[in-house]
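Trainee: Before I ask anything, here is the structure I am working with.
The values are calculated or read from the model by the stated rules, or taken from the named source; none is laboratory data. All of these numbers come straight from a predicted model, not from anything done at the bench. Every residue, glycine as well, gets a Cβ built from its backbone with ideal geometry; the counts of neighbours run over all protein chains shown. With ligands, DNA and RNA removed, areas are computed over all heavy atoms of the protein, side chains included. Shrake-Rupley method; radii C 1.70, N 1.55, O 1.52, S 1.80 Å.
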There are 2 protein chains.
Amino acid sequence: MSVTDMGNIRKAPIGVFDSGVGGLTVAREIMRNLPNEDIVYFGDTARVPYGSKSKDTIIRFSQQIIRFLRTQNVKAIVIACNTASALALDEVEEELDIPIIGVLKPGAKVAAATTRNGKIGVIGTESTINSQMYPKYIREQNPEVAVYGKACPLFVPLVEEGWLKDPVTEEVARRYLENLLKDGIDSLILGCTHYPLLRSLIRGVVGETVNLVNPAYETARELGELLREEGLEHPERNGQKACHQFYVSDAAEKFRNFANSILPCDIGETQKIHIEDY
Amino acid sequence: MSVTDMGNIRKAPIGVFDSGVGGLTVAREIMRNLPNEDIVYFGDTARVPYGSKSKDTIIRFSQQIIRFLRTQNVKAIVIACNTASALALDEVEEELDIPIIGVLKPGAKVAAATTRNGKIGVIGTESTINSQMYPKYIREQNPEVAVYGKACPLFVPLVEEGWLKDPVTEEVARRYLENLLKDGIDSLILGCTHYPLLRSLIRGVVGETVNLVNPAYETARELGELLREEGLEHPERNGQKACHQFYVSDAAEKFRNFANSILPCDIGETQKIHIEDY
């Protein structure tokens, strides 16, 4: 590859996708940590949520989305959805000739490295927890660690209802987290992109001694390392701002409102596409 | 059409579809009320839920499902999903040469006919309530009636979590229904197919004086009338049982477990299809 080609590739955007709006918490961390990088985000709002669906379906959906992102000439892809990372990363990785990372491994890695008592809790969707991929990745790092998983299917609808600091949400959290606390965990992986929005409520339930791991943050850090290793970092912009584009499969207006409430900047135009055509 | 052709058409099944498992409460009423009729049920479990999605998307999904049901030679179609009935019935009806009914009109009709004080409450998904189709249908029956709508997005996930008689669900119901009770409603339409499963909990919150209207029941009754009017009733079976078939777009096993918990009979084989191909 010529030097000019490499220069062009370095200027290409990062593709980021999620089942809907949740992955914007990952996009937010990428924007903070890698401010030179352009992002093309896709939220599969027509088929959200992924958390209760099967492996076959999630692989098929992910393949369609990756085909769409390739049309946008992305240089790397981030699966910003825990369920898709758990169920589809291994399959889609094999078919790709550009780097792709999910949110599970970075979260698993830091939890395995920082636990003091070797007891890690993981919360996520039903499909993420049932996949047993967090325990697998954590034990690859440290086979001695015990991992306790708990599916929390009501957390996403509670966040989307906006009940972030509500007594109902607190009672639900207490019930979901009760057994993990009895198991004596000292670290808790927030294994679904919506959960960081419940961070302070969860902190109140688990107390100050349990370390809360946000895979979004770790993923952005790992993406930065990957781009450096592969020589794919965007060149310095000399004051020019990065450019982010947002695509969805349904209801662009609603997505935009949610995005503008959690991202540091206004996202501008959102484009709706028929993802099944890819 | 010859007499033989009419005889064959009368033996054709009824197509029933929903975004997922909820429409099984409608299928259950059809089985009870029209025991001679065969049913082909489709649950769009790969793209569930519909309740937070846009009109365009729901129309597109409904058209695909109707094309699939036509391949099963159905004689009539029931949209057993409030959201799809609200957003897609008018559009898909125009393109069809067989009868199709939704769940909204039958529910609206009986509520308008039975209210004593002219104040009707409607609960449903965000998309159903925002569509304003229940108020439209109710006022077509009786322009004097006041209709009060309330979206209850947490009810479906609470039902699917199995928390049917839980204090958390009761607190959520109290909060959702508070203003409707202040408005003095004497009838409440359970405008989402999952809500009849919360019937006794909702009864506890609204008290004995509010009439709970279950559109599933009214729809099965209206379907019977329609088949009689059109001469499409299945002939007497002389002891032979009706035959029901179940199709889904994802995770057939999970669907089957839920179906077997709410239907009076074991549903047997469930077939998974790629609904986007239709």
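Trainee: For the stretch A:243-278, which residues drop by 50 square angstrom or more in accessible area between the chain on its own and all protein chains together (1.4 Å probe)?
Mentor: A:250, A:254, A:276
Trainee: Once Rh for the stretch B:62-195 is found with the Kirkwood sum over Cα pairs, what is the Stokes-Einstein diffusion coefficient at 4 °C and 1.567 mPa s, in µm²/s?
Mentor: Taking Rh from Cα pairs, D becomes 81 µm²/s.
Trainee: Now for a separate question. Any idea what Rg and Dmax come out to for the stretch A:98-147 if you just take the C-alpha atoms, in Å?
Mentor: 11.0, 38
Trainee: What angle do you read, to the nearest 10 degrees and between 0 and 90, between the alpha-carbon axis of helix B:55-71 and the longest principal axis of chain B?
Mentor: Result, in degrees: 30.
Trainee: Please calculate how many Å² of accessible area the stretch B:84-235 carries per residue, with a 1.4 Å probe and no DNA, RNA or ligand atoms counted.
Mentor: Ligands and nucleic acids excluded, the result is 42 Å² per residue.
Trainee: Follow-up question, since we're still on this one. Would you kindly work out, in nm and rounded to one decimal, the distances from the label point of residue B:70 to those of the same position in each other copy, ordered shortest first, with label points 7 Å along Cα-to-Cβ?
Mentor: 3.3
Trainee: I need the shape label for the stretch A:6-67. Rule: rounded when a/c is under 1.5, else prolate if a/b > b/c, else oblate, with a, b, c from the alpha carbon gyration tensor. Present the calculation step by step, with values, prior to reporting the outcome.
Mentor: Working: a/c = 3.27, a/b = 1.72, b/c = 1.90.
Oblate shape, in that a/c is at least 1.5 and b/c is the bigger or equal ratio.
Trainee: Given the C-alpha atoms of the stretch A:1-144, compute the convex hull and give its volume per residue in Å³. Walk me through the numbers before you get to the answer.
Mentor: Details: hull volume 18.2 nm³, N = 144.
Here the figure is 126 Å³ per residue.
Trainee: I'm checking a number: the convex hull volume of the Cα atoms of the stretch B:177-228, normalised per residue, in Å³. What is it?
Mentor: On the way: hull volume 4.5 nm³, N = 52.
Considering the Cα atoms of the stretch B:177-228, their hull volume per residue is 87 Å³.
Trainee: Under a 10 Å cutoff between Cα atoms, tell me which one of A:261, A:131, A:85 has the largest fluctuation in the Gaussian network model of chain A.
Mentor: A:261
Trainee: Quick one: label points 7 angstrom along Cα→Cβ at residue B:204, distances to the other copies in nm, smallest first?
Mentor: Distances between equivalent label points, in nm: 2.5.
Trainee: Straight-line reach from residue A:241: which lysines have a Cα under 19 Å away, not including same-chain ones fewer than 8 places off?
Mentor: Qualifying lysines at Cα under 19 Å: A:11, A:75.
Trainee: Report, for residue B:113, each distance to the same residue's label point in the other copies, shortest first and in nm; define the point 7 Å along Cα→Cβ.
Mentor: 6.9
Trainee: For the protein assembly as shown, what is the largest minus smallest coordinate of the Cα atoms on each principal axis, given in angstrom and ordered from greatest to least?
Mentor: 77, 51, 45
Trainee: Picking from B:233, B:37, B:253, which is most flexible by a Gaussian network model of chain B using Cα springs under 10 Å?
Mentor: Top of the fluctuation ranking is B:253.
Trainee: Which one of A:207, A:184, A:107 has the biggest mean-square fluctuation once chain A is modelled by GNM with Cα springs under 10 Å?
Mentor: Maximum among the listed residues: A:207.
Trainee: Let me ask another. From the square roots a ≥ b ≥ c of the eigenvalues of the alpha-carbon gyration tensor of the stretch A:122-270, which class results: rounded (a/c under 1.5), prolate (a/b over b/c), or oblate? Please list the in-between numbers first.
Mentor: Details: a/c = 2.18, a/b = 1.31, b/c = 1.67.
Oblate is the answer for the stretch A:122-270, as a/c is 1.5 or above yet b/c matches or exceeds a/b.
Trainee: Per the 1.4 Å probe, what fraction of the accessible area of the protein assembly as shown, in percent, lies on carbon and sulfur atoms?
Mentor: With neighbouring chains kept in place, the figure for the protein assembly as shown is 46 percent.
Trainee: If you don't mind, another one. What percentages, rounded to whole numbers, describe P(r) for chain A computed over all alpha carbon pairs with 10 Å bin width beginning at zero?
Mentor: All Cα pairs, binned at 10 Å, distribute as 7, 30, 36, 21, 6, 1 percent.
Trainee: What is the distance in Å between the Cα centres of the stretch A:19-82 and the stretch B:21-49?
Mentor: Spelled out, the Cα-based centre of one part sits 34 Å from the other.
Trainee: Here's something else I'd like to know. Give me the percent relative contact order of chain A, please, defined on Cα pairs under 8 angstrom at least 6 residues apart.
Mentor: Values: 508 pairs, mean separation 74.0, N = 278.
Answer for chain A is 27 percent.
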